[in-house]
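> Okay, handing you the structure first.
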Amino acid sequence: MIRVLLVDDQALLRTGFRLVLEAVEDIEVVGEAGDGAAAEQMARALEPDVILMDVRMPGRNGIEATQAITQALPSTRVLILTTFDLDEYAFAGLRAGASGFLLKDTKPADLIEVIRVVASGDAVVSPRITRRMLELFSDRLPEVAGGTDGGVAAELACLTPRELEVLTLIGQGLSNAEIAATLVVSEATVKTHVGNVLAKTGSRDRVQAVVLAHATGLVGPGA
């Protein structure tokens, strides 16, 4: 059973999501919150598998709540609710630790599938879309020591040269198959390298790895 927490300041929208999700056998809505502060409290108390998180809420917003929740509850996945697919708020949510974003007008069947995908540990924003968002909002990325002068940022020092290559290609939006073709290795080998990169850098999923590659300067705009 996938346990879901709904967070949005619009009660009508929360009701709509609840009606859709409660009709599915493998998903259970365990709670609702109308702002970021309540979301944090409920998340800590309920430890849901997935949180549908609005960002534009009064008081403590969804970005701040997402960052606090993902740090405190590493196994809880957050999906940002947004109106536009290339939204600065959605970008900020990914930077804060969300595993993807979801348009508020998503079809019910797609909503259910996305929740299942995220609950399984995967991300629902393709690396290519994430890369485009990073290019649009690159001025929001913090400067990282060693990431802009040809050196290796401290966050990447734990990686082997091959793992750095793999992270660079992930940051460029390549799939495992494309990375395998580029490095002339098997997809199984690439999968192992990707797993090592995520584990060593503390990235929750590929999307977070893309963000890391850009934030550390490993991949630059237009790369």
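> With N denoting the number of residues in the stretch 151-216, provide Rg(C-alpha) divided by 2.2 N^0.38 Å, to two decimal places.
0.99
> Apply 1/(1 + (r/R0)^6) to the Cβ-Cβ distance of GLU178 and LYS107, taking R0 = 25 Å, and write down the FRET efficiency to the nearest 0.05.
0.30
> Over the alpha-carbon set of the chain, divide Rg by the Kirkwood Rh and report the Rg/Rh ratio to two decimals.
0.99
> Can you pull a Stokes-Einstein diffusion coefficient for the stretch 64-112 at 37 °C (0.692 mPa s), Rh from Kirkwood over Cα pairs, as a whole number of µm²/s? If you can, show how the numbers build up before the last one.
On the way: Rh = 11.2 Å.
Estimated via Stokes-Einstein, D reaches 294 µm²/s.
> At 222 nm, what helix-only mean residue ellipticity would the chain give, in deg cm²/dmol to the nearest 500, using -39500 (n - 2.57) for each DSSP H run of four or more?
-14500 deg cm²/dmol
> Still on this structure, please answer the following. Give the whole-number value, in cubic angstrom per residue, of the convex hull volume spanned by the C-alpha atoms of the stretch 2-124.
Convex hull volume per residue, Cα atoms: 84 Å³.
> Tell me, what is the percent relative contact order of the chain, built from C-alpha pairs under 8 Å that lie six or more residues apart?
16 percent
> Would you mind counting up the charge near ARG3? Only other residues with Cβ under 15 Å from its Cβ, with Lys and Arg at +1 and Asp and Glu at -1.
-3
> Which trypsin sites (Lys or Arg not before Pro) from the stretch 1-74 combine a DSSP loop assignment with at most 16 other Cβ atoms within 10 Å?
Those that pass, being in a loop and sparsely packed, are ARG56, ARG60.
> Using Cα pairs under 8 angstrom and six or more residues apart, how large is the relative contact order of the stretch 151-216, in percent? Can you show the working numbers first?
Working: 54 pairs, mean separation 27.4, N = 66.
Here the relative contact order equals 41 percent.
Only the coordinates and a few stated rules stand behind these numbers; no lab work does. The structure displayed is predicted, hence computed values, not measured ones. Cβ atoms come from the backbone with ideal geometry, glycine included; neighbour counts cover every protein chain shown.
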